[in-house]
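What follows is a short report on a single structure.
The values are calculated or read from the model by the stated rules, or taken from the named source; none is laboratory data. Note that this is a predicted model, so its numbers are computed, not measured. Cβ sites come from the backbone with ideal geometry, for glycine too, and all protein chains shown count toward neighbours. With ligands, DNA and RNA removed, areas are computed over all heavy atoms of the protein, side chains included. Shrake-Rupley method; radii C 1.70, N 1.55, O 1.52, S 1.80 Å.
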Amino acid sequence: MQSQVIICDQQTVYAIGCGSLLHDHPKFNGYCIIHTLQELNEMMSIDDPKTEFPQVLVLDSGMLNFAQSQTIITIQSIKKRIPIMILFNEEDDLHLYNLIDIGFSVIVSRQVSEQDWVKALLMAEQDKVYFCANIADKVFALVNQMDKIKQMERMRQLTIYDK
């Protein structure tokens, strides 16, 4: 079955390029481009009975401000209704950690190849885990640092006497 794709990206040229990738793929049936989380929220709040195709969301990670709890609540409610592929903007490792912590399982960088981009979209549609090579390396580095981070947190909790 074909899927429609919602591209929510602040970078218009990149979003148009993503749309052109979808034109050539038989698995996808059209796309729409939006530029803000507010537009996305409005689109998701309208239940259109005419929509007969399942949808997949491509989301710019730069739109997610984890300091705002409302953003997290909004994204989690959308995530329950539609599979999401995250386009990572090379933010810091904490931002990547927060994306994974919220439960995003398909994350690719903007510099990914066409084949990897389409593969990631298909994996998101199937609710599977997929990281491009660049993101996988960053996740591996984060996992290796977790023991050090936890040790530092435990050490900070010790009293001066115990230290």
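Skipping prolines and chain starts, which residues have an amide H placed within reach, meaning under 5 Å, of the one on Ser3, given they are 5 or more residues away or on another chain?
When sequence neighbours closer than 5 places are left aside, the close amide H contacts are Phe28, Asn29.
What residue among Val13, Val139, Val56 has the largest mean-square fluctuation in a Gaussian network model of the chain, using Cα springs under 10 Å?
Greatest mean-square fluctuation among the candidates belongs to Val13.
Of all the stretches in the chain, which is the longest one without any exposed loop site, taking GluC sites (Glu not before Pro) in a DSSP loop (any state but H, G, I, E, B) with at most 16 other Cβ atoms within 10 Å?
Here the longest segment lacking exposed loop sites spans 92-163.
Can you compute the radius of gyration and Dmax for the range 1-115, using only the Cα atoms, both in Å?
In Å, with Rg to one decimal and Dmax whole: 13.8, 41.
Just grab the label-to-label distance for Gln10 and Val143, each label 7 Å out from Cα along the Cβ direction, in nm (one decimal).
Modelled inter-label distance: 3.1 nm.
Write out the trypsin sites (Lys or Arg not before Pro) in the range 1-102 meeting two conditions: DSSP loop, and at most 16 other Cβ atoms within 10 Å of their Cβ.
Lys27, Lys50
Choose one answer from Phe66, Phe88, Phe28: the residue with the largest mean-square fluctuation in a GNM of the chain with alpha-carbon springs under 10 Å.
Phe66
For the chain, what is the calculated [θ] at 222 nm in deg cm²/dmol (nearest 500), taking -39500 (n - 2.57) for each run of four or more DSSP H residues and dividing by its residue count?
Calculated at 222 nm, the ellipticity per residue is -16000 deg cm²/dmol.
At a 1.4 Å probe radius, carbon and sulfur cover how many percent of the accessible area of the range 20-163?
Percent of accessible area from carbon and sulfur atoms in the range 20-163: 52.
Please work out how many pairs of lysine residues in the range 41-163 are eight or more positions apart (or on different chains) and have Cα atoms closer than 24 angstrom.
Counting lysine pairs in the range 41-163 gives 14.
Working out 0.36 nm times the residue gap between Ile102 and Ala136, then minus their Cα-Cα distance, what length gain in nm do you get to one decimal?
The Ile102-Ala136 span can extend by a further 10.5 nm.
Under a 5 Å amide H to amide H cut-off, with H placed in plane at 1.01 Å, what residues pair with Leu57 once short-range neighbours are removed?
Residues meeting the criterion, in which the H sits 1.01 Å from N, are Ile6, Ile84, Met85.
When only the heavy atoms of the protein chains count and the probe is 1.4 Å, how do Asp24, Asp93, Asp162 rank by accessible area, highest first?
Numbers: Asp24 120, Asp93 65, Asp162 95 Å².
Putting Asp24, Asp93, Asp162 in descending order of accessible area: Asp24, Asp162, Asp93.
Rounded to the nearest 10 Å², what accessible area does Thr74 have for a 1.4 Å probe in the complete protein model?
It works out to around 20 Å².
Relative contact order, percent, of the chain when contacts are C-alpha pairs under 8 Å separated by at least 6 residues? Intermediate values should be presented prior to the final figure.
Numbers: 208 pairs, mean separation 28.9, N = 163.
Worked out over the chain, it gives 18 percent.
Rank Asp101, Asp127 by accessible area, highest first, at a 1.4 Å probe radius?
These residues rank, largest area first, as Asp127, Asp101.
Is the range 73-138 best put as rounded, prolate or oblate by its Cα gyration tensor, with a ≥ b ≥ c the root eigenvalues, rounded for a/c under 1.5, and otherwise prolate when a/b is larger than b/c, oblate when not?
In terms of gyration-tensor shape, oblate.
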